Amino acid sequence: MPPSLIAPELARAILASSGPIVFLTGAGVSAESGVPTFRGPEGYWRVGSRNYQATDLATAEAFARMPDEVWRWYLYRRGVCRAAEPNAAHLALVEAERRFGERFLLVTQNVDGLHARAGNTAARTYRIHGDLDLCRCADGCAPAVRPMPAAIAVAWAKDRVLDDDARAALHCDCGAWLRPHVLWFDEAYDEPLFRYLSARRAAGAAAALVVIGTSGATNLPAQMCAIVAARAAPLIVVDPDPAAYGAVAGRGTRGVQIVGGACATVPPLVDALLAAA
């Protein structure tokens, strides 16, 4: 099998089956647009003399203790993400949605908004870890999720501090802080904010699950892969690292592992699926 394609008979079987064709994406897709990976060397943040890892900052506990610093980190990350452009893998998934219509579902761990900017629709996208362009009241006021305040600059320098105007903009009308609309490490998935049950149901009904650029280090994506593998439904794993979900993909005769970067492999993979339609 060429490294960027699946066997034609598997593609035909997927299209002949009922259920959604689910694409699950992680940081490896956005990395090829220049977005630093969350767990990579750019994932730390310096506060005074201490370097904080992403896992230290992306918590409700850290936000309660140092909201200014957590917001600065997220606003800087948001600016980096907004400076990036969608790549060939993003665009291939837009074409997949256009052609597959209601059978297409995108479940993304990425909070950078690149899938939406490429053209994937909100109706067919589950953002299971949130979105850096959204926020919500830390005390739970309605609306539950809202756009980032217009007064907050998109480009945010790494050394820029929150001034009084920024702090005011980042507060809800009730007086509480707004917080980034992201899933923090000390929080749990839920359905209203992060489509937890919907994502599991999609895995339970999927004609195929295509996993692209994710290491499997987070809970809900791992659950989705396990559900699909237990059903012996097609599970296609695309990643430069052959260890990424490789054991899960190898459990059944309908598991396929494609070793390669997203830009090189996703467009021909989508073409192979579309050719079977």
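The values are calculated or read from the model by the stated rules, or taken from the named source; none is laboratory data. As the structure is a computational prediction, the values presented were derived from the model and not from experiment. Quick note on the areas: whole protein, heavy atoms, side chains included, nothing else; ligands and nucleic acids left out. Shrake-Rupley method; radii C 1.70, N 1.55, O 1.52, S 1.80 Å.
At-a-glance table
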| quantity | calculated |
| --- | --- |
| Amide H contacts of Cys135 (H built 1.01 Å from N, under 5 Å, at least 5 apart or other chain) | Arg146, Met148, His181 |
| Per residue, in Å², the accessible surface of the chain once ligands and nucleic acids are set aside, probe 1.4 Å | 43 Å² |
| Karplus-derived 3J(HN,Hα), 6.51/-1.76/1.60, for each residue of segment 129-134, Hz, glycine and proline x | 10, x, 7, 5, 8, 10 |
| Sequence-distant residues sharing a close amide H with Val107 (under 5 Å, placed H) | Phe23, Leu24, Thr25, Tyr126 |
| Two-decimal log10 I(q)/I(0) for the chain, as the Debye equation yields it once each C-alpha is a single scatterer, q = 0.15, 0.17 Å⁻¹ | -1.09, -1.33 |
| Which of Asp271, Asp112 is most accessible, then next, and so on - probe 1.4 Å | Asp271, Asp112 |
| Choice from Glu97, Glu61, Glu85 showing the highest fluctuation, given a GNM over the chain with Cα pairs closer than 10 Å | Glu61 |
| Whole-Hz ³J(HN,Hα) from phi, Karplus 6.51 cos²θ - 1.76 cosθ + 1.60, for segment 151-158, glycine and proline x | 6, 8, 4, 6, 7, 10, 5, 4 |
| Whole-percent carbon and sulfur share, accessible surface of the chain, 1.4 Å | 54 percent |
| Amide H within-cut-off set for Ile258, under 5 Å, with H built and near neighbours excluded | Val237, Val238, Asp239 |
